[in-house]
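Here the structure is laid out as structure tokens; the discussion comes afterwards.
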Amino acid sequence: MIELKSFKIEDWKYLKKWISSESELIQFAGQIFSFPIDQKQVELYLSESKRTVFKIENENNETIGIAEISIPEENVAKLARILIGEKSMRGKGVGTELINKLTEYGFSNLKKERIILNVYSWNIGAIKCYEKVGFSKTDKPKKLVKVGNENWETIEMEKKPVANNV
């Protein structure tokens, strides 16, 4: 069981602890931050008004992750920067529960008609998690992100509310 709480600037220490390389940072955050992440970057990130950032706490009130929901278009919410930072909590259904809570927030609290997210094509575990909770790939053209000597391909996925849930 997890709970979403407001991510505060003092919580940036978790990001510093969880992200130990440039590729981990890009996997988690795209190119919004530069490595190594620092408090000033996080302050700027949190100042964006169309962005709501959550820290994820487990049943023991321990911070185990972070996630963001933003509003890129009028009827759309976007999930981003999703990270179960505590590695011991991965593979236990926390990601599935988190995505369900975020989509419920987007549909119920924000009253959006569609929720989108981007995921790297090689991140099969994340793709399976998103599909499990009802996301499907869109036909939006894939983008390439250069990471070191590699090109990472992004896939957009979306979920629309089930008629009875709105």
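The values are calculated or read from the model by the stated rules, or taken from the named source; none is laboratory data. Model, not experiment: these values are computed from the prediction. Don't worry about glycine lacking a Cβ; one is built from the backbone with ideal geometry, like all the others, and counts go over all protein chains shown. Each accessible area value is taken on the protein alone, full model and side chains, heavy atoms only, with ligands, DNA and RNA left out. Shrake-Rupley method; radii C 1.70, N 1.55, O 1.52, S 1.80 Å.
For region 1-43, what does the accessible surface come to per residue with a 1.4 Å probe? Please give it in Å². Write down the numbers at each step before the final one.
On the way: 2590 Å² over 43 residues.
Per residue, region 1-43 has 60 Å² of solvent-accessible surface.
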Fill in: Accessible surface of L46 - all protein chains present, 1.4 Å probe, nearest 10 Å²
50 Å²
Worksheet item: Given +1 on the Cβ of Lys and Arg, -1 on the Cβ of Asp and Glu, and no further charges, what dipole in debye does the chain carry about its Cα centre, rounded to the nearest 20?
Response: 200 debye
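Which order do E74, E10 take when ranked by solvent-accessible area (1.4 Å probe, heavy atoms of all protein chains), largest first?
Values: E74 145, E10 115 Å².
Reading off the accessible areas and sorting them downward yields E74, E10.
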Worksheet item: Once the Cα atoms of region 41-135 are picked out, what are the Rg and Dmax in Å?
Response: 13.3, 37
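Where only protein heavy atoms count, and the probe is 1.4 Å, what is the accessible area per residue for region 58-136 in Å²?
On the way: 3780 Å² over 79 residues.
Heavy-atom SASA per residue in region 58-136 reads 48 Å².
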Worksheet entry | Subset of K50/K137; K101/K137; K55/K87; K78/K159; K78/K128; K5/K92 violating a 22 Å alpha-carbon distance limit | K50/K137
Item to complete: For D38, tell me the accessible area in Å² from a 1.4 Å probe, rounded to the nearest 10.
Response: 60 Å²
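At R0 = 41 Å, how high is the FRET efficiency between L44 and T138 if r is their beta carbon distance? Nearest 0.05 is fine. Let's see the in-between values first.
Working: r = 29 Å, r/R0 = 0.72.
Efficiency, rounded to the nearest 0.05: 0.90.
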Practice prompt. Once you've got the GNM for the chain with C-alpha springs shorter than 10 Å, pick whichever of E104, E59, E153 has the biggest mean-square fluctuation.
Written response: E59
Fill in: Most mobile listed residue (S136, S20, S70) in the chain, GNM with C-alpha springs under 10 Å
S20
Worksheet, complete the sentence: Between V162 and E57, the two model label points (7 Å from Cα along the beta-carbon direction) sit apart by a distance in nm of 3.0 nm
Worksheet item: Using only helices, what value at 222 nm comes out for the chain when you add -39,500 (n - 2.57) per DSSP H run of length 4 or more and divide by the total residues, to the nearest 500 deg cm²/dmol?
Response: -7000 deg cm²/dmol
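Given just the C-alpha atoms of the chain, how large is their convex hull per residue in cubic angstrom?
Working: hull volume 19.6 nm³, N = 166.
Per residue, the Cα convex hull of the chain comes to 118 Å³.
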